[in-house]
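Have a look at the structure below before the remarks.
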């Protein structure tokens, strides 16, 4: 923040007209719709917001071996129950 203040101060002290045109210039709209997540994955990441899965944007089962083994075991049990 301090460095930004120094930059503005220096700009104002050297060329006030240029400073005005820079500060008051219309800014472009920033949007990015190229990166979207599937609804199911997004819900899972929200449930695990405090874990690394939200950082990696992967389900916990995808990168934690113990959870992967537990998930596979549950699938086998569910298949056997049917």
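The values are calculated or read from the model by the stated rules, or taken from the named source; none is laboratory data. The shown structure was predicted, so the numbers you read here are calculated from the model rather than taken from an experiment. Cβ: placed from backbone, ideal geometry, glycine included. Neighbour counts: every protein chain shown.
Structural remarks
- Conditions (1) at pLDDT 85 or above; (2) over 30 Å from residue 64 (Cβ atoms): number failed by residue 30: (1)
- Scanning the stretch 45-61 for residues that are in a helix (DSSP H, G or I), modelled with pLDDT of 80 or more and either surrounded by 11 or more Cβ atoms within 10 Å (Cβ to Cβ) or over 15 Å from the mean Cα position of the chain (by Cα) (or both) yields a total of 6.
For (1) within 20 Å of the chain's Cα centre (by Cα); (2) modelled with pLDDT of 85 or more; (3) part of a helix (DSSP H, G or I), each residue gets a yes or a no:
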position: 11; (1), (2), (3): no, yes, yes
position: 34; (1), (2), (3): yes, no, no
position: 43; (1), (2), (3): yes, yes, yes
position: 73; (1), (2), (3): no, no, yes
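- Scan of the stretch 13-32 for residues that are assigned to a loop (DSSP other than H, G, I, E, B) and either in contact with a helix residue (DSSP H, G or I) (Cβ under 7 Å, 6 or more places away or on another chain) or more than 30 Å from residue 62 (Cα to Cα) (or both), ordered by number: 15, 24, 25, 26, 27, 28, 29, 30
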